Amino acid sequence: MKTFTLPGTQLTVPNVVLGLMRIQEKTDEEVRTLVKTARDAGISFFDHADVYGSETHGCEKRFADAMQLTSSEREQIVLQTKAGIVREGPYFDFSYDHIVESVDGSLAALGTDYIDILLLHRPDALVEPDEVARAFDDLSAAGKVRSFGVSNHTPGQMELLRKSVSQPIVANQVQLSLTHAPLVAQGVAANMQALDQSVSRDSGTLDYCRLNDVTVQAWSPFQAGFFTGVFLGSPEYPELNAVIDRLAKQYDVPAIAVATAWITRHPAQMQVVLGTTNPERVAAAALGSDVPLTRAEWYELFRAAGYAVP
């Protein structure tokens, strides 16, 4: 498992993360097996959110109850959680009170004294950056949160926050997979009038993150679209799966590892956020961290996924 120092922090992190949004109904033993499998694969970074689960903070509590981490075990892992979505609406709330209340709830649910990274969960159109800054300052001063980031934010939205927030924005968690890659694909086809691919839909988020040391975290790395099912093994992507299967055989890894490797091969040093609760799939996907795709192989997968290389 490849690791790196997360810019803006002193954390050494793996480039594959385990997301825990689907563990609410899992037994203690199932959660422990899932986490142990991840740890054995080199994954020490676990992603949560206050809205994950059938109740607020549900998955965070499920994780803590199952794991019963000692203080030394807690120090060996990175816990990331998110705040900002009000599920009853649904709507978004980046107010001081909501952020602080959410963090206090996450700390209690997770049974920990601190959160390593707090992300603002999707943009709030009514955001007041000074309120966010006050919340971040108080949470940092109290030792409750060590680093901060965002999810699904554009460059302009991040710049607006940075106008007031003193802490570095260390991560931006966005949807990215081989078949859902406008983040990457637009730049490849820039200035090509006849191609829909050339239209910018995110104002250059990937380049902005690279220029400003914001680590991109790829969620739904195997989804064909927005929760439309996975592309791996799908009859809708025969050419792509043929290439994936050939490379999987060549590198002696499962197909899912090749899909992981397409993201980790990118020089932006992204993290892949796995959402599966299947331990075997976690172990298989994690193998992609060390698959050294060549440029030719990376672009072949890109073309097979339906993107143009002018």
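Coordinate-derived values only; no laboratory data. In this text, all values refer to a predicted model and were calculated from it rather than measured experimentally. In this analysis, Cβ positions are derived from the backbone assuming ideal geometry, glycine residues included, and neighbour counts consider all displayed protein chains.
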message: Given N residues in the range 41-165, what is its alpha carbon radius of gyration divided by 2.2 N^0.38 Å?
response: 1.04
task: Convert each backbone phi in the range 126-137 into a coupling constant with the Karplus relation 6.51 cos²θ - 1.76 cosθ + 1.60 (shift: θ = phi - 60°), then list the ³J(HN,Hα) values in order as whole Hz, x for Gly and Pro.
output: 9, 4, 10, x, 5, 5, 4, 4, 5, 5, 4, 4
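Can you sort 56, 33 by how many other beta carbons sit within 10 Å, fewest first?
Numbers: 56 19, 33 16.
Ordered by Cβ neighbours within 10 Å, fewest first: 33, 56.
For the range 253-295, what does the alpha-carbon gyration tensor say about shape, rounded, prolate or oblate, given a ≥ b ≥ c as the root eigenvalues, a/c under 1.5 as rounded, and a/b over b/c as prolate? Working shown, then result.
Working: a/c = 2.93, a/b = 1.57, b/c = 1.86.
Taking the square roots of the gyration eigenvalues as a ≥ b ≥ c, the range 253-295 is oblate.
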task: Taking every pair of Cα atoms in the range 201-246, average 1/r, invert it to obtain the Kirkwood radius, and report Rg/Rh to two decimals.
output: 1.13
- line: Placing one equal point scatterer on each C-alpha of the chain and summing with Debye, one gets log10 I(q)/I(0) at q = 0.07, 0.08, 0.13, 0.16 Å⁻¹ equal to -0.26, -0.35, -0.94, -1.39
- prompt: Each label point is 7 Å from the Cα along the Cα-to-Cβ direction; what then is the distance between the points at residue 3 and residue 28, in nm?
  reply: 2.9 nm
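If each residue's Cβ is checked for other Cβ atoms within 10 Å, how do 51, 86 rank with the fewest at the top? Walk me through the intermediate numbers first.
Working: 51 20, 86 16.
With the sparsest Cβ surroundings first, the list reads 86, 51.
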message: As I understand it, the value is the acute angle between the Cα axis of helix 96-110 and the longest principal axis of the Cα atoms of the chain; what does it come to in degrees, rounded to 10?
response: 80 degrees
- line: Expressed in nanometres to one decimal, the distance between label points 7 Å along Cα→Cβ at residue 226 and residue 269 is 3.2 nm
- line: Rounded to the nearest 10, the angle in degrees between the Cα long axis of helix 28-40 and the longest principal axis of the Cα atoms of the chain comes to 60 degrees
field: Per-residue ³J(HN,Hα) for the range 153-168, Karplus 6.51 cos²θ - 1.76 cosθ + 1.60, θ = phi - 60°, Hz, x for Gly and Pro
entry: 9, 7, x, x, 5, 5, 4, 4, 5, 5, 4, 10, 7, 8, 6, x
field: Residues whose placed amide H lies under 5 Å from that of residue 4, excluding near-sequence neighbours
entry: 13
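Summing -39500 (n - 2.57) over the DSSP H runs of n ≥ 4 in the chain and dividing by its residue number, what mean residue ellipticity at 222 nm do you reach, to the nearest 500 deg cm²/dmol?
Values: 12 runs with 120 residues, N = 310.
Taking each H run of at least 4 residues, the total per residue is -11500 deg cm²/dmol.
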- request: With everything on Cα atoms, drop me the angle between helix 58-67 and the longest principal axis of the chain, reported from 0 to 90° to the nearest 10.
  value: 90 degrees
- prompt: Sequence-distant or interchain residues sharing an amide H contact under 5 Å with residue 217, placed H: which?
  reply: 172, 173, 174, 271
Amide H contacts of residue 86 (H built 1.01 Å from N, under 5 Å, at least 5 apart or other chain): 91, 92, 93
- line: Among 117, 1, 19, the residue whose Cα sits farthest towards the positive end of the charge dipole of the chain, when +1 is placed on the Cβ of each Lys and Arg and -1 on the Cβ of each Asp and Glu, is 1
task: Could you work out the Kirkwood radius for the range 178-310, taking every pair of different alpha carbons, averaging 1/r and inverting it, reported in Å?
output: 15.3 Å
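Mind sorting 227, 63, 4, 302 by how few other Cβ atoms lie within 10 Å of their own Cβ, fewest first? All intermediate terms of the calculation are to be shown ahead of the outcome.
Details: 227 8, 63 26, 4 13, 302 20.
Least crowded to most crowded, the residues run 227, 4, 302, 63.
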Considering only the chain, percent of DSSP beta bridges that pair antiparallel, nearest 5: 20 percent
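Going through the cross-link list 26/249; 61/144; 36/61; 2/163, which pairs have a Cα-Cα distance over 26 Å in this structure? List each step's numbers first, then the result.
Numbers: 26/249 33 Å; 61/144 17 Å; 36/61 18 Å; 2/163 33 Å.
Beyond 26 Å between Cα atoms: 26/249; 2/163.
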